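Undergrad: Take a look at this one; I'll ask things after.
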Amino acid sequence: MYTRFFKRILDFLASLIALLLLSPVIIILIILLMFANNGKPFFFQKRPGKNEKIFTIIKFKTMKDPKDKDSELRDQVQRITKVGGFIRDTSLDELLQLINVLKGDMSIVGPRPLLTIYLPLYNKEQARRHLVKPGITGWAQVNGRNDISWDDKFALDVWYVDHLSFSTDLKILLKTVQKVFKRDGITSGEHDIYEPWRGNT
């Protein structure tokens, strides 16, 4: 009952209330990023959602545009603006995903939506992470985030799929708040940048 009905209601109400309460912060960040990114405060990217349905994720634009395709991943750290670095280090870059939650593309809690180029690389077990809606925070994020391997992240995502419940979501939310304040599991020197996944070997 929670998974099929109440989770969506709670997601909608929580994201709506959060967007209203945080609207002054969001407006300030938009203005700062407009100056930092030549009038482009938003970042849009295709990501796989539940059952691998593709949706457009909304985030704050924290990096300058790459000069060419080859530098898109290689020079991420150098491309982060000062404002963008602050937004990443304080996890404020996730705020706009509340719009995705409001729309029904995402949930507040669930496996993080990764790049579409990874879809052909998952094995059968790892692909089970797409049996639920992706989330702003998840079980992998409160159990290591950048400090664990891709295999461990996927294992934690699948664990969440098998143990999805109100109590599990509540536990993850409480741990998320704790980690945001402690800055635990984040490599702040690199502004939360991690190596792209190359697939199973």
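Undergrad: Determine whether the stretch 26-49 contains at least one residue that is under 25 Å from residue 128 (Cα atoms), hydrophobic (A, V, I, L, M, F, W, C) and in a helix (DSSP H, G or I).
TA: The answer is no; no qualifying residue exists.
Undergrad: Related question: Residues in the stretch 173-195 that are at pLDDT 75 or above and surrounded by 13 or more Cβ atoms within 10 Å (Cβ to Cβ): how many?
TA: Within the stretch 173-195, residues that are at pLDDT 75 or above and surrounded by 13 or more Cβ atoms within 10 Å (Cβ to Cβ) number 5.
Undergrad: So, of the residues in the stretch 102-139 that are part of a helix (DSSP H, G or I) and hydrophobic (A, V, I, L, M, F, W, C), which turns out to be nearest to residue 4 (Cα to Cα)?
TA: Going through the qualifying residues, I end up with 131.
Undergrad: Separate question: So which residues in the stretch 33-60 are under 24 Å from residue 83 (Cβ atoms) and either surrounded by 16 or more Cβ atoms within 10 Å (Cβ to Cβ) or in contact with a Ser or Thr (Cβ under 9 Å, 6 or more places away or on another chain) (or both), if there are any at all?
TA: Of everything in the stretch 33-60, those that are under 24 Å from residue 83 (Cβ atoms) and either surrounded by 16 or more Cβ atoms within 10 Å (Cβ to Cβ) or in contact with a Ser or Thr (Cβ under 9 Å, 6 or more places away or on another chain) (or both) turn out to be 33, 36, 37, 41, 43, 44, 45, 47, 57, 58, 59, 60.
Undergrad: Go through the stretch 140-165 and report how many residues are assigned to a loop (DSSP other than H, G, I, E, B) and among the hydrophobic types (A, V, I, L, M, F, W, C).
TA: Total satisfying the criteria: 3.
Undergrad: Give the residue, chosen from 88, 79, 112, that is charged (D, E, K, R) and in contact (Cβ under 8 Å) with a residue 60 or more places away in the chain.
TA: 88
Undergrad: Another question, then. So is residue 156 under 19 Å from residue 200 (Cα atoms), modelled with pLDDT of 95 or more and surrounded by fewer than 22 Cβ atoms within 10 Å (Cβ to Cβ) or not?
TA: yes
Yes/no per residue for (1) modelled with pLDDT under 95; (2) within 21 Å of residue 141 (Cβ to Cβ); (3) of a type outside the set (Phe, Trp, Tyr):
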| site | (1), (2), (3) |
| --- | --- |
| 15 | no, yes, yes |
| 36 | yes, no, yes |
| 39 | yes, no, yes |
| 51 | no, no, yes |
| 54 | no, no, yes |
| 59 | yes, yes, yes |
| 74 | yes, no, yes |
| 87 | yes, yes, yes |
| 110 | no, yes, yes |
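The values are calculated or read from the model by the stated rules, or taken from the named source; none is laboratory data. Since we're looking at a predicted model, the values are computed, not measured. Note that each Cβ is placed from the backbone with ideal geometry, even for glycine, and that neighbours are counted across all protein chains shown.
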